[in-house]
1. Name every residue in the range 90-114 that is farther than 22 Å from VAL2 by Cα and out of contact with any Leu (no Cβ under 9 Å at 6 or more places or on another chain), in order of residue number.
2. Can you list the strands (runs of 3 or more DSSP E) lying wholly within the range 1-71 that have 2 or more residues being under 21 Å from SER116 (Cβ atoms), at pLDDT 95 or above and over 11 Å from the mean Cα position of the chain (by Cα)?
3. On the given criteria, is VAL48 in contact (Cβ under 8 Å) with a residue 60 or more places away in the chain and within 22 Å of GLY16 (Cα to Cα)?
4. Residues in the range 1-30 that are within 24 Å of LYS76 (Cα to Cα), open to solvent by less than 40 Å² (accessible area, probe 1.4 Å) and among the β-branched types (Val, Ile, Thr): how many?
5. Of all the residues that make up the range 72-81, how many are in a loop (DSSP other than H, G, I, E, B) and of a type in the set (Gly, Ala, Ser)?
6. Only residues that are under 16 Å from ALA60 (Cβ atoms) and under 11 Å from the mean Cα position of the chain (by Cα): list them for the range 79-111, please.
7. Tally up the residues in the range 82-116 that are assigned to a strand (DSSP E or B), open to solvent by 60 Å² or more (accessible area, probe 1.4 Å) and under 21 Å from GLN13 (Cβ atoms), please.
Amino acid sequence: QVQLVESGGGLVQAGGSLRLSCAASLYIFSVYAMGWYRQAPGKQRELVATITSGGSTNYADSVKGRFTISRDNAKKAVYLQMNSLKPEDTAVYYCNANYPGYGSHWGQGTQVTVSS
């Protein structure tokens, strides 16, 4: 069984910070590319940030310079540090694990709400 569990969401004022965590039960966590995605009401799910097994990162232009993705293979966890939050960051944030042949898996999501 594969299970991803997000935590750390909540309500924060614009300009504030939150750190999201994702705990993964993947048997061989280190081979997976990990990512954070988000979905706002009425919008498509979009990529926020990814990190490869080698530690290379990519970010959506909208969050570049404000968000940082990281991973801890020993803890089988991935994190998203979110700074300088804006109301448009309000969304449900989902953790994703992907590896060709092993599958792509999603967490249940955690709500992030940024007030103006």
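1. THR90, ALA91
2. Correct list: 10-13.
3. Judged against the criteria, VAL48 is not a match.
4. Looking only at that region, the number is 0.
5. Adding up the residues that qualify gives 1.
6. Across the range 79-111, the qualifying residues are LEU80, GLN81, MET82, VAL92, TYR93, TYR94, CYS95, ASN96.
7. Total satisfying the criteria: 1.
The values are calculated or read from the model by the stated rules, or taken from the named source; none is laboratory data. Given the structure is predicted, the values throughout are model-derived calculations rather than measurements. A quick note on method: Cβ atoms are made from the backbone with ideal geometry, for glycine too, and the neighbour counts reach across all protein chains shown. These accessible areas exclude ligands, DNA and RNA; they are computed on the full protein's heavy atoms, side chains included. Shrake-Rupley method; radii C 1.70, N 1.55, O 1.52, S 1.80 Å.
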